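Since the structure comes first, as structure tokens, the remarks are kept for the end.
The values are calculated or read from the model by the stated rules, or taken from the named source; none is laboratory data. A quick note: this is a predicted structure, and the numbers were derived from the prediction, not measured. So basically every Cβ, Gly included, is an ideal-geometry build from the backbone, and we count neighbours across all protein chains shown. Just the protein is used for accessible areas: all its heavy atoms, side chains included, with ligands, DNA and RNA removed. Shrake-Rupley method; radii C 1.70, N 1.55, O 1.52, S 1.80 Å.
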Amino acid sequence: MNAIPRQKPIFRFAPSPNGPLHLGHALSAILNHDMANEAGGRFLLRIEDIDQARCTPEFEAGIFTDLAWLGLSWEKPVRRQSEHLPAYQDALQSLIARDLVYPAFLTRGEVKARVAAGVASGSPWPRDPDGTPLYPPDDRLRNETERKRLLDAGLKHAWRLDMEQAIAVVGRPLHWQESGDGERGDILANPAAWGDVVLSRSDAPSSYHLSVVVDDAAQGVTHVVRGLDLFHATSVHRLLQALLDLPQPLYHHHRLILGEDGKKLSKSERDTGIAEWRRQGWSPAELRRRLGL
Ligand code: GLU
């Protein structure tokens, strides 16, 4: 009898070209690359450029230059999210057809005002694990006639997941296997903490959460290695994978590289960019040491 061919492990580094790569990205990219090599697997690079207002070809070119300088090689062609919009649309449509998402019309200003009014009335407004106030229930509670009227009037809207409904439809606790630098082992997902997450925006055809699960499945990703800042987002990803019947990868959320102020690095801090370290004459080997690798 033929042995069932074992799938090669597939790792991916998935930066957004909306700024220069910093040391945290270097750590992520190197870990993915090295873990893929050690496992005899494949290393993919994915360009997460859904947000066309902030992503530029120059930043994308910078990513290629920085990664090549670090000595990494990746499979080509790279997947660019902007070239796969129909895939995210299909996923969204399937959720619309099952009544698991709703059109969300509140503007940023309206959300702020609702939250402020809620707080003023004495009840603390719930926040998601990133500290953002949960989306108010107004749009979820609209009836069909009202929704249709607003959609027919051409009002700008996003699509949000009806979290309670989505959890009820899945109907079982969700877990993931974690091997990273924080909590490890079998992790119980808590998607409810995120409230009605956005799956497509009025100004962008998909959201991070939706495109990341669609892409990981489309590329056969078996190992997701990324920063601990995305640990809690995995709860949403597990829920979407369950709803869309997508396979579940293994997860490894690695330590974050902090700036001198002890805060997470951000892309706007150009001085910590990889290109800057290169200009200052650092070698890739020194950079690896600086990262504790
Ligand atoms: N594109 C995300 C970022 O640059 C990473 C997404 C992921 O690894 O799941 O932060």
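Select from region 135-151 the residues that are charged (D, E, K, R) and closer than 16 Å to residue 164 by Cα and list them in ascending order.
If the condition is that a residue be charged (D, E, K, R) and closer than 16 Å to residue 164 by Cα, then 138, 139, 140, 142 are the ones that fit.
Only one of 225, 221, 236 is open to solvent by 10 Å² or more (accessible area, probe 1.4 Å) and within 30 Å of residue 93 (Cα to Cα). Can you tell me which?
Checking each option against the conditions leaves just 221.
Looking only at region 75-103, how many residues end up being under 19 Å from residue 139 (Cβ atoms) and in a strand (DSSP E or B)?
Residues meeting the conditions: 3.
Only residues that are open to solvent by 30 Å² or more (accessible area, probe 1.4 Å) and within 15 Å of the ligand (Cβ to nearest atom): list them for region 196-208, please.
Passing the criteria: only 208.
I'm checking my understanding of the structure. Among residues of region 239-263 that are modelled with pLDDT of 95 or more and of a type in the set (D, E, K, R), which one is surrounded by the fewest Cβ atoms within 10 Å (Cβ to Cβ)?
Filtering region 239-263 for residues that are modelled with pLDDT of 95 or more and of a type in the set (D, E, K, R), the one surrounded by the fewest Cβ atoms within 10 Å (Cβ to Cβ) comes out as 245.
Quick check on region 64-87. Is at least one of its residues touching a residue at least 12 places away in the same chain (Cβ under 8 Å), aromatic (Phe, Trp, Tyr), surrounded by 11 or more Cβ atoms within 10 Å (Cβ to Cβ) and under 23 Å from residue 210 (Cα atoms)?
Among the residues of region 64-87, not one is touching a residue at least 12 places away in the same chain (Cβ under 8 Å), aromatic (Phe, Trp, Tyr), surrounded by 11 or more Cβ atoms within 10 Å (Cβ to Cβ) and under 23 Å from residue 210 (Cα atoms), which makes the answer no.
Please go through region 37-60 and give me each residue that is away from the ligand (no atom under 14 Å from the Cβ) and open to solvent by less than 30 Å² (accessible area, probe 1.4 Å), ordered by number.
Residue satisfying the conditions is 41 alone.
Within the set of pairs 6 or more residues apart or between chains, which connect a residue that is within 16 Å of residue 206 (Cα to Cα) and of a type in the set (A, V, I, L, M, F, W, C) inside region 234-247 to a residue that is open to solvent by 10 Å² or more (accessible area, probe 1.4 Å) and within 13 Å of the ligand (Cβ to nearest atom) with Cβ atoms less than 7 Å apart?
236/209; 240/209
Go through region 115-129 and give me each residue that's open to solvent by less than 80 Å² (accessible area, probe 1.4 Å) and under 19 Å from residue 198 (Cα atoms).
115, 125, 126, 128, 129
I need a count of the residues in region 213-232 that are part of a helix (DSSP H, G or I) and more than 18 Å from residue 193 (Cβ to Cβ).
5
For residue 188, state whether it is open to solvent by 30 Å² or more (accessible area, probe 1.4 Å) and either at pLDDT 95 or above or more than 16 Å from the ligand (Cβ to nearest atom) (or both).
Yes: the conditions hold for residue 188.
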